[in-house]
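So the structure is just underneath, and the comments pick up after that.
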Amino acid sequence: MPELPEVETVVRDLRPLIVGRTITALRIGSKTLRKPWSPEWDAEVVGRTTTAIRRRGKWILADLDSGAVLLVHLGMTGQFTAVTAAEPKPDHLHFAFALSDGSELRYRDTRRFGSVQWIASDELVQLAFGEKLGHEPFDIPAAAFATALRSSNRNLKALLLDQSILAGVGNIYADESLFRAKVHPQTLGSALTKSQCDRLRVAVEAVIAKAIEGRGSTIRDYVGGSGLRGGYQDEFAVYGRTGEPCAKCGTAIEMTRVAGRASHFCPRCQKRRGGTR
DNA sequence: CCGACGTCCTGCTAGC
DNA sequence: TGCTAGCAGGACGTCG
């Protein structure tokens, strides 16, 4: 499941493969994604050159020389890769942008939770995100993070998954961050002290940074922009390790459902303290 | 306003 | 061996 580290890896991989290249043709599959592609967008992208590619939260933004932006979200099973056009066409291929060097920028998505959109300008992208998209984990002010958590009666798992507070954290890195900060996923935000908030903030930052170094995590579907799998899945402390011994204390990792999501934790390192939900 | 929960979608797997 | 129910979860809509 692509979260910030996976999306960042895709962007870094794609940058040398698509920036400066011109889109010469576009093929679109018959099935719609979460956000439908408008037919009038075809003419807006063909003939345009990609000038930059960047990431915001879990979103990919490819800037075109027209000032417009290709806005891509990978959802759960999205793959955004640049390959030679001769590469066999996989199933669930929804977009193929032919590039001027003979390569092909492809969007593949089995479950179709993702989206590919054309947005007329960067201002409109910002408007689309609005106040709904929170800070990047690397530059959220400690005070803003603490205020958001401590003013809430939701549990920490729900708060970390809330994209309007931190942009980019998903289920895997939420669990890994909570373990690193030694807090239970069901702890209420309002039950945390300022220093506990800061420990969690630093933990999220560290976990995300290490995962980017490892080129993200491949559970099943995820691949980077050049089609390579991630490597961080081998470094998980708790995610997907139910029943296995905690690396810190040896206690069996447990799994429970918090905020509607599978949540993995060490019952000894992450004791339930104060208010929980 | 806030928080909880259902929905979308497909492929894999646990269990009979 | 074959079948099916249940699960995976990012974003968003709906409900109380």
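Being touching a Lys or Arg at 6+ places or on another chain (Cβ under 7 Å), within 21 Å of residue A:162 (Cα to Cα) and in contact (Cβ under 8 Å) with a residue 24 or more places away in the chain, is that true of even one residue in region A:11-32? No, the conditions are met nowhere in region A:11-32.
Of the residues A:66, A:103, the single one that is modelled with pLDDT of 95 or more and surrounded by fewer than 16 Cβ atoms within 10 Å (Cβ to Cβ) is A:66. Go through the residues of region A:7-21 one by one and say whether even a single one is part of a loop (DSSP other than H, G, I, E, B) and crowded, with 17+ Cβ neighbours inside 10 Å. The answer is yes, given that some residue of region A:7-21 is part of a loop (DSSP other than H, G, I, E, B) and crowded, with 17+ Cβ neighbours inside 10 Å. The residues in region A:156-194 that are part of a loop (DSSP other than H, G, I, E, B) and out of contact with any Asp or Glu (no Cβ under 8 Å at 6 or more places or on another chain) can be counted, and the count is 10. You will find that of A:50, A:24, the residue that is surrounded by fewer than 20 Cβ atoms within 10 Å (Cβ to Cβ), away from DNA strand C (no atom under 16 Å from the Cβ) and modelled with pLDDT of 95 or more is A:24 and no other. Of the residues making up region A:159-168, those that are touching a Lys or Arg at 6+ places or on another chain (Cβ under 9 Å) and either among the charged types (D, E, K, R) or within 16 Å of DNA strand B (Cβ to nearest atom) (or both) number 5. Being in contact (Cβ under 8 Å) with a residue 24 or more places away in the chain and buried (at least 21 other Cβ atoms within 10 Å of the Cβ) is a property that holds for residue A:97.
Restricted to region A:27-47, and to residues that are of a type in the set (Gly, Ala, Ser) and over 23 Å from residue A:6 (Cβ atoms), which residue is surrounded by the fewest Cβ atoms within 10 Å (Cβ to Cβ)? Across region A:27-47, the extreme among qualifying residues is A:30. Being more than 17 Å from residue A:1 (Cα to Cα), touching a Ser or Thr at 6+ places or on another chain (Cβ under 8 Å) and β-branched (Val, Ile, Thr) is the filter here, so list the residues in region A:149-203 that pass it. Once the filter is applied, which keeps residues that are more than 17 Å from residue A:1 (Cα to Cα), touching a Ser or Thr at 6+ places or on another chain (Cβ under 8 Å) and β-branched (Val, Ile, Thr), region A:149-203 yields only A:187.
Considering region A:69-82, and only residues there that are over 16 Å from residue A:126 (Cα atoms) and of a type in the set (Val, Ile, Thr), the residue that is modelled with the highest pLDDT turns out to be A:81. Once region A:79-135 is narrowed to residues that are hydroxyl-bearing (Ser, Thr, Tyr) and either at positive phi or assigned to a loop (DSSP other than H, G, I, E, B) (or both), the residue that is farthest from DNA strand C (Cβ to nearest atom) is A:100.
For region A:247-264, the set of residues classified as more than 9 Å from DNA strand C (Cβ to nearest atom) and either at pLDDT 95 or above or assigned to a loop (DSSP other than H, G, I, E, B) (or both) consists of A:247, A:248, A:249, A:250, A:251, A:253, A:259, listed by residue number. Regarding residue A:181, is this residue free of Cβ contacts under 8 Å to residues at least 12 places away in the same chain and small (Gly, Ala, Ser)? No, not satisfied.
The values are calculated or read from the model by the stated rules, or taken from the named source; none is laboratory data. Everything numeric here is computed off the predicted structure, so don't read it as measured data. No Cβ is skipped: glycine too gets one built from the backbone with ideal geometry, and neighbour counts run over all protein chains shown.
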